[in-house]
Amino acid sequence: MKKSIKMLATTAILALGTATAALAEELTVYTAVEAEDLPRYAETFNKAYPDITINWVRDSTGIITAKLLAEKDNPQADVVWGLAGTSLLLLKSEGMLEPYAPAGVDKLDPKFVDSDNPPAWVGMDAWVAAVCYNTVEAEKAGLTPPTSWKDLTDPQYAGQIIMPNPNSSGTGFLDVSSWLQMFGEDGGWAYMDALHENIARYTHSGSKPCKLAAAGEIPIGISFAFRGAKSKAAGAPLEIIVPSEGVGWEMEATAIIAGTAHQEAAQKLVDFSVSMDAMKMYNQGYAVVAIPGVAKPVEYFPEGLVDAMIDNDFEWAANNRAAILAEWQKRYDGKSDPK
């Protein structure tokens with residue numbers, strides 16, 4: 001009798017272990033979020049969903065977007081999380097996204113939600129273009145501070161500017177697409193032709209130009225405002241300049257890849273992506289988040305920046321992305337950093 005009870009108990013334990021293993025899932029998540037931030041997002045998510053393991057595949061926006069498009073007929077990702085909204089609009093147009101309305105989507109600012117019902121993607125936060133200007137290095141070089149994008153074409157800045165490559169960086173693409181919207185197509189390319197004369201090099205990271213300016217390696221980095229504010233708070237001699245013509249901006253967004261075998265787990269991650277807990281975490285890296293009223297003021301975030309955000313036509317940018325990037329590469333790629 002005791003032997004039978006022991007065998008039953010052992011069988012029950014094995015069955016429980018098998019059930020637990022069956023419940024555990026892994027999600028392959030493609031992302032362009034800064035690598036140092038990913039562990040804390042996963043840790044917070046796993047407090048609510050300990051049986052879902054996130055396997056991050058992280059790279060810059062352009063590389064992740066190209067990878068997803070290349071895998072269109074054989075998707076490897078379950079979720080795309082923290083990728084530029086224009087990239088998700090492109091993926092949507094290719095039929096690669098699984099529509100889903102996450103819990104709490106009604107709390108988001110409408111511009112952070114895809115217009116379809118249910119939405120194909122939902123936004124998380126936004127980053128805004130700005131110029132990081134190292135006052136110490138600029139003074140050594142005899143420069144005067146620019147006040148506009150067009151000022152950056154002045155010959156005094158020759159070899160003194162670094163900006164991101166739009167083929168690799170979402171920040172670079174928002175710069176280029178916003179200039180084409182602000183100045184018109186012909187005017188935008190003419191502007192970039194003139195700017196190119198002053199560019200020292202193009203990086204494959206959106207934050208790197210500001211980091212290099214903060215470190216004193218270059219006087220001027222075209223980057224995004226939050227990175228400048230963080231570097232200034234850490235003691236870098238930076239001014240974060242808001243160009244007078246207005247500034248481009250982009251959002252990070254999340255979507256489920258169509259055909260995932262882990263639909264329920266993917267939905268839980270998307271639910272988390274629009275939760276209040278997630279929004280508060282985004283505010284550690286971004287001054288603008290998708291739920292209005294959540295973001296706390298950011299030290300050294302430039303005044304008037306949110307008001308300077310242009311009325312960005314994301315649909316236009318997404319639909320013309322391939323042509324814009326091809327033209328940019330043909331004209332300017334010779335100054336890009338090696339990949």
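The values are calculated or read from the model by the stated rules, or taken from the named source; none is laboratory data. On a predicted model such as this, the values are computed, not experimentally measured, just so you know. Note: ideal-geometry Cβ built from the backbone for every residue, glycine included; neighbour counts use all protein chains shown. The protein model used for the area step is the full one, side chains on, heavy atoms only, and it has no ligands, DNA or RNA in it. Shrake-Rupley method; radii C 1.70, N 1.55, O 1.52, S 1.80 Å.
Residue check: is PHE226 outside any loop (DSSP other than H, G, I, E, B), at pLDDT below 95 and either out of contact with any Asp or Glu (no Cβ under 6 Å at 6 or more places or on another chain) or not hydroxyl-bearing (Ser, Thr, Tyr) (or both)?
yes
Determine which member of the set VAL79, VAL57 is within 25 Å of GLU315 (Cβ to Cβ) and either at pLDDT 90 or above or loosely packed, with under 13 Cβ neighbours inside 10 Å (or both).
Result: VAL79 is the single residue among VAL79, VAL57 that is within 25 Å of GLU315 (Cβ to Cβ) and either at pLDDT 90 or above or loosely packed, with under 13 Cβ neighbours inside 10 Å (or both).
Within the range 191-223, track down each residue that is under 18 Å from the mean Cα position of the chain (by Cα), assigned to a loop (DSSP other than H, G, I, E, B) and of a type in the set (S, T, N, Q).
Those that are under 18 Å from the mean Cα position of the chain (by Cα), assigned to a loop (DSSP other than H, G, I, E, B) and of a type in the set (S, T, N, Q): SER205, SER207.
Of (1) open to solvent by less than 20 Å² (accessible area, probe 1.4 Å); (2) out of contact with any Phe, Trp or Tyr (no Cβ under 7 Å at 6 or more places or on another chain), VAL270 satisfies all except one. Which?
(2)
For the range 102-155, give me each residue that is of a type in the set (Asp, Glu) and in a helix (DSSP H, G or I).
ASP106, GLU137, GLU139, ASP151 - these are the residues of the range 102-155 that are of a type in the set (Asp, Glu) and in a helix (DSSP H, G or I).
Within the range 41-54, can you find the residues that are modelled with pLDDT of 95 or more and either touching a His at 6+ places or on another chain (Cβ under 6 Å) or assigned to a helix (DSSP H, G or I) (or both)?
Across the range 41-54, the qualifying residues are TYR41, ALA42, GLU43, THR44, PHE45, ASN46, LYS47.
What residue, among those in the range 169-205 that are of a type in the set (S, T, N, Q) and closer than 29 Å to GLY82 by Cα, is most open to solvent (accessible area, probe 1.4 Å)?
Only one residue fits best here, namely GLN181.
For the range 156-190, what are the residues that are closer than 14 Å to ILE222 by Cβ, part of a helix (DSSP H, G or I) and over 22 Å from the mean Cα position of the chain (by Cα)?
The answer is TYR157, and nothing else.
Among the residues of the range 137-150, is any under 30 Å from SER273 (Cβ atoms) and either among the β-branched types (Val, Ile, Thr) or open to solvent by 50 Å² or more (accessible area, probe 1.4 Å) (or both)?
Checked against the condition, which is being under 30 Å from SER273 (Cβ atoms) and either among the β-branched types (Val, Ile, Thr) or open to solvent by 50 Å² or more (accessible area, probe 1.4 Å) (or both), the range 137-150 yields no hits at all.
Tell me, please, whether a residue that is open to solvent by 30 Å² or more (accessible area, probe 1.4 Å) and at positive phi can be found in the range 103-118.
Within the range 103-118 (the criterion being open to solvent by 30 Å² or more (accessible area, probe 1.4 Å) and at positive phi), the answer is no, since none of the residues qualifies.
Which condition number in (1) in contact with a helix residue (DSSP H, G or I) (Cβ under 9 Å, 6 or more places away or on another chain); (2) surrounded by 15 or more Cβ atoms within 10 Å (Cβ to Cβ) is the one that PRO292 fails?
(2)
Quick one: LYS67 ticks every box in (1) modelled with pLDDT of 95 or more; (2) within 16 Å of GLY170 (Cβ to Cβ); (3) open to solvent by less than 10 Å² (accessible area, probe 1.4 Å) bar one, so which box is it?
Going through (1) modelled with pLDDT of 95 or more; (2) within 16 Å of GLY170 (Cβ to Cβ); (3) open to solvent by less than 10 Å² (accessible area, probe 1.4 Å) one by one, LYS67 breaks only (3).
Go through (1) surrounded by fewer than 17 Cβ atoms within 10 Å (Cβ to Cβ); (2) farther than 25 Å from GLY62 by Cβ; (3) of a type in the set (A, V, I, L, M) one by one and return the number of the condition ALA326 breaks.
Of everything listed in (1) surrounded by fewer than 17 Cβ atoms within 10 Å (Cβ to Cβ); (2) farther than 25 Å from GLY62 by Cβ; (3) of a type in the set (A, V, I, L, M), ALA326 misses just condition (2).
Please enumerate the residues belonging to the range 67-83 that are assigned to a helix (DSSP H, G or I) and not aliphatic (A, V, I, L, M).
LYS67, the sole residue that qualifies.
If GLU239 passes every condition in (1) open to solvent by 30 Å² or more (accessible area, probe 1.4 Å); (2) of a type in the set (D, E, K, R); (3) under 20 Å from the mean Cα position of the chain (by Cα) but one, which one does it miss?
(3)
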